[in-house]
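J.: Below: one structure in structure tokens.
The values are calculated or read from the model by the stated rules, or taken from the named source; none is laboratory data. Computed from a predicted model, the values in this text were never measured in an experiment. Glycine gets a Cβ as well: all are built from the backbone with ideal geometry, and neighbour counts include every protein chain shown. Areas reflect the complete protein model, heavy atoms only, side chains present, ligands, DNA and RNA absent. Shrake-Rupley method; radii C 1.70, N 1.55, O 1.52, S 1.80 Å.
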Amino acid sequence: MTLSSAPNPTAPNKTAPPPADSRERASAMLKQLQDNICQGLEALDGEAKFQEESWERPEGGGGRSRVIKQGGVFEQGGVNFSEVWGDHLPPSILVQRPEAAGHRFYATGTSMVLHPRNPYIPTVHLNYRYFEAGPVWWFGGGIDLTPYYPFEADVVQFHRTIQETCDRHNPAYYQVFKPWCDEYFYLKHRQETRGVGGIFFDYQDGQGLLYRGPDQGKGADQVSQSIGELPQRSWEELFAFSQACGNSFLPAYVPIAERHKNDEYGDRERQFQLYRRGRYVEFNLVYDRGTIFGLQTNGRTESILMSLPPLVRWEYGYTPEPGSIEAKLYDTFLKPQDWVNWPTA
């Protein structure tokens, strides 16, 4: 599960308690999301099926890890559900929300990473989750797209689908969560985004400002400050929003994969894809807080690291040829853009 860093310190800590069956409902919703995604991806792939392994965590909880490999579309991908609970909060949570100290915690989430074989189909990542510890609860999640070759129509359709989902719940959501995603999935040592983004949100408990991240004064925080505090939103409203976001994945991604799954490619495109996959590895091993959370809570290592691609390569000092399609990825697609309003033919 991906976890953000410290929430906005101005956000109030007192929230209305969740419903008595909050954990059961969150768990059921995220399991259903896993089921729906796997069914849709198997239909898209046309050859491979997901293989499931159930696991248990000695301290409390467990999950269902599902992996698809060597299919018609997907070289490898995973769609995981987990729920864990216990007495001892991981340090990454206590630093962020000290008021949770002394309470039992519960965390559940569904996460997904897909690595298609065809370089013209983007890698995609999704994660939606719910957390409780005593008086503290929140929803978090997001989705982001990592293309290897730049197709404006794909990215525009992806972002517009997500924006429409957000806007049905609150027009402010996409305005804040889109730049938050750009800032979160950013490789500082490379000075480039991981891909073309999507949305990212965390610590949503219905109170205060929308932005609860560490980058005060940057884009997402500026937009959030300009919007101001939203009217209080209930657990039910945030539950419905998270559910809708999860359900928007298939219509956002499947048409892109369908358009490109039969595109011809050669060794040049394959080698560039493998090189760019290295950025995915760098982010997940250097920055991803979900990896840290999973390891700190003694989660299943194979499931935690299932987001890594099956094949990858590094090349010293690589720069794309000026004017090439690969250079276009660097010059335009790896910089934050207003994709919803991007002109398309």
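J.: How many of the residues making up the range 197-221 are open to solvent by less than 10 Å² (accessible area, probe 1.4 Å), assigned to a loop (DSSP other than H, G, I, E, B) and either at positive phi or touching a Lys or Arg at 6+ places or on another chain (Cβ under 8 Å) (or both)?
T.: Counting residues in the range 197-221 that are open to solvent by less than 10 Å² (accessible area, probe 1.4 Å), assigned to a loop (DSSP other than H, G, I, E, B) and either at positive phi or touching a Lys or Arg at 6+ places or on another chain (Cβ under 8 Å) (or both) gives 2.
J.: In the range 320-345, what count of residues is obtained for those that are aromatic (Phe, Trp, Tyr), closer than 21 Å to Glu164 by Cα and open to solvent by 20 Å² or more (accessible area, probe 1.4 Å)?
T.: Quick first cut of the range 320-345, residues aromatic (Phe, Trp, Tyr) only: 330, 333, 339, 342.
Restricting the remaining residues to those that are closer than 21 Å to Glu164 by Cα gives 339, 342.
From what is left, the residues that are open to solvent by 20 Å² or more (accessible area, probe 1.4 Å) are 342.
Residues in the range 320-345 being aromatic (Phe, Trp, Tyr), closer than 21 Å to Glu164 by Cα and open to solvent by 20 Å² or more (accessible area, probe 1.4 Å): 1 in total.
J.: May I pose another question? Can you confirm whether Gly290 is open to solvent by less than 70 Å² (accessible area, probe 1.4 Å) and either at pLDDT 75 or above or in a helix (DSSP H, G or I) (or both)? Explain how you work it out, then say what you get.
T.: Working: open to solvent by less than 70 Å² (accessible area, probe 1.4 Å): yes; either at pLDDT 75 or above or in a helix (DSSP H, G or I) (or both): yes.
Spelling it out, Gly290 is indeed open to solvent by less than 70 Å² (accessible area, probe 1.4 Å) and either at pLDDT 75 or above or in a helix (DSSP H, G or I) (or both).
J.: Under the condition of being part of a helix (DSSP H, G or I) and not acidic (Asp, Glu), which residue from the range 299-313 is modelled with the lowest pLDDT?
T.: Within the range 299-313, the first condition is being part of a helix (DSSP H, G or I), and the residues that meet it are 301-304.
Imposing the further condition that a residue be not acidic (Asp, Glu) reduces the set to 301, 303-304.
Values: Thr301: 77, Ser303: 71, Ile304: 74.
Result: Ser303.
J.: Another question, if that's okay. Quick check on my filter: what residues within the range 133-160 are surrounded by 21 or more Cβ atoms within 10 Å (Cβ to Cβ), modelled with pLDDT of 95 or more and β-branched (Val, Ile, Thr)?
T.: Ile143, Thr146, Val155
J.: So which of Phe239, Phe272 is under 16 Å from Pro147 (Cβ atoms) and either open to solvent by less than 40 Å² (accessible area, probe 1.4 Å) or touching a Gly at 6+ places or on another chain (Cβ under 9 Å) (or both)? Working first, answer last.
T.: Numbers: Phe239 fails: under 16 Å from Pro147 (Cβ atoms).
Answer to the check: Phe272.
J.: Kindly indicate whether Val84 is within 21 Å of the chain's Cα centre (by Cα), in contact (Cβ under 8 Å) with a residue 40 or more places away in the chain and under 30 Å from Glu152 (Cα atoms). Please lay out each step first, then the result.
T.: Working: within 21 Å of the chain's Cα centre (by Cα): yes; in contact (Cβ under 8 Å) with a residue 40 or more places away in the chain: yes; under 30 Å from Glu152 (Cα atoms): no.
For Val84, the condition - within 21 Å of the chain's Cα centre (by Cα), in contact (Cβ under 8 Å) with a residue 40 or more places away in the chain and under 30 Å from Glu152 (Cα atoms) - is not met.
J.: Does His88 satisfy being assigned to a loop (DSSP other than H, G, I, E, B) and under 19 Å from Pro19 (Cα atoms)? Write out each step before concluding.
T.: Working: assigned to a loop (DSSP other than H, G, I, E, B): yes; under 19 Å from Pro19 (Cα atoms): no.
No: the conditions fail for His88.
J.: Still on this structure, please answer the following. Based on this model, can you work out whether Glu282 counts as open to solvent by less than 50 Å² (accessible area, probe 1.4 Å), assigned to a helix (DSSP H, G or I) and not polar (S, T, N, Q)? Can you show your working first?
T.: Working: open to solvent by less than 50 Å² (accessible area, probe 1.4 Å): yes; assigned to a helix (DSSP H, G or I): yes; not polar (S, T, N, Q): yes.
In short, yes.
J.: A further question on this structure: Looking only at the range 7-34, filter to residues that are loosely packed, with under 15 Cβ neighbours inside 10 Å and among the charged types (D, E, K, R); which one of those is modelled with the lowest pLDDT?
T.: Restricting to residues being loosely packed, with under 15 Cβ neighbours inside 10 Å and among the charged types (D, E, K, R), the top hit is Lys14.
J.: To continue, here is another question. So which pairs qualify, if the first residue must be in the range 164-193 and touching a residue at least 60 places away in the same chain (Cβ under 8 Å) and closer than 12 Å to Tyr287 by Cα, the second must be part of a helix (DSSP H, G or I) and not basic (Lys, Arg), the Cβ gap must be under 6 Å, and the two must be at least 6 apart or on different chains?
T.: Leu187/Phe283
J.: State the number of residues belonging to the range 314-345 that are modelled with pLDDT of 95 or more and either part of a helix (DSSP H, G or I) or touching a Gly at 6+ places or on another chain (Cβ under 9 Å) (or both).
T.: Result for the range 314-345: 15.
J.: Right, next: Which of the following residues is over 22 Å from Gly197 (Cα atoms), touching a strand residue (DSSP E or B) at 6+ places or on another chain (Cβ under 7 Å), open to solvent by 20 Å² or more (accessible area, probe 1.4 Å) and assigned to a strand (DSSP E or B): Glu52, Glu99?
T.: Being over 22 Å from Gly197 (Cα atoms), touching a strand residue (DSSP E or B) at 6+ places or on another chain (Cβ under 7 Å), open to solvent by 20 Å² or more (accessible area, probe 1.4 Å) and assigned to a strand (DSSP E or B) holds for just one of Glu52, Glu99, which is Glu52.
J.: Now for a different question. Take Ser224 and tell me if it is more than 24 Å from Met112 (Cβ to Cβ), in contact (Cβ under 8 Å) with a residue 40 or more places away in the chain and assigned to a helix (DSSP H, G or I).
T.: Numbers: more than 24 Å from Met112 (Cβ to Cβ): yes; in contact (Cβ under 8 Å) with a residue 40 or more places away in the chain: yes; assigned to a helix (DSSP H, G or I): yes.
When the stated conditions are applied, Ser224 passes them.
J.: For the range 307-345, give me the residue count where each residue is under 23 Å from the mean Cα position of the chain (by Cα) and closer than 25 Å to Val113 by Cα.
T.: Step one: list which residues in the range 307-345 are under 23 Å from the mean Cα position of the chain (by Cα), which gives 307-312, 329-330, 332-342.
Now restrict to residues that are closer than 25 Å to Val113 by Cα: 307-312, 329-330, 332-340.
Qualifying residue count, the range 307-345: 17.
J.: Let me ask something else. Check the range 174-196 and report whether any residue there is in a strand (DSSP E or B), closer than 25 Å to Gly63 by Cα, in contact with a Lys or Arg (Cβ under 9 Å, 6 or more places away or on another chain) and not aromatic (Phe, Trp, Tyr).
T.: Let us first name the residues in the range 174-196 that are in a strand (DSSP E or B), namely 186-187, 192-193.
Subset that is closer than 25 Å to Gly63 by Cα: none.
Scanning the range 174-196 turns up no residue that is in a strand (DSSP E or B), closer than 25 Å to Gly63 by Cα, in contact with a Lys or Arg (Cβ under 9 Å, 6 or more places away or on another chain) and not aromatic (Phe, Trp, Tyr).
J.: Here's something else I'd like to know. Residues Lys178, Lys188: which one is open to solvent by 10 Å² or more (accessible area, probe 1.4 Å) and modelled with pLDDT under 95? Full working, then the answer.
T.: Values: Lys178 fails: modelled with pLDDT under 95.
Result: Lys188 is the single residue among Lys178, Lys188 that is open to solvent by 10 Å² or more (accessible area, probe 1.4 Å) and modelled with pLDDT under 95.
J.: Please go through the range 58-93 and pick out each residue that is of a type in the set (A, V, I, L, M, F, W, C) and more than 16 Å from Pro309 (Cα to Cα). Quick ask: steps written out before the conclusion?
T.: Pass one, the range 58-93, residues of a type in the set (A, V, I, L, M, F, W, C): 67-68, 73-74, 79, 81, 84-85, 89, 93.
Within the range 58-93, Phe81, Val84, Trp85, Leu89, Ile93 meet the criteria.
J.: Out of the residues in the range 72-96 that are out of contact with any helix residue (DSSP H, G or I) (no Cβ under 7 Å at 6 or more places or on another chain) and among the β-branched types (Val, Ile, Thr), which is most open to solvent (accessible area, probe 1.4 Å)?
T.: Val95
J.: In the range 117-132, what count of residues is obtained for those that are free of Cβ contacts under 8 Å to residues at least 60 places away in the same chain and either basic (Lys, Arg) or surrounded by fewer than 24 Cβ atoms within 10 Å (Cβ to Cβ) (or both)?
T.: In the first step, residues of the range 117-132 are kept if they are free of Cβ contacts under 8 Å to residues at least 60 places away in the same chain; the result is 117, 131.
Subsequent filtering for residues that are either basic (Lys, Arg) or surrounded by fewer than 24 Cβ atoms within 10 Å (Cβ to Cβ) (or both) retains 117.
Residues flagged as free of Cβ contacts under 8 Å to residues at least 60 places away in the same chain and either basic (Lys, Arg) or surrounded by fewer than 24 Cβ atoms within 10 Å (Cβ to Cβ) (or both) within the range 117-132 amount to 1.
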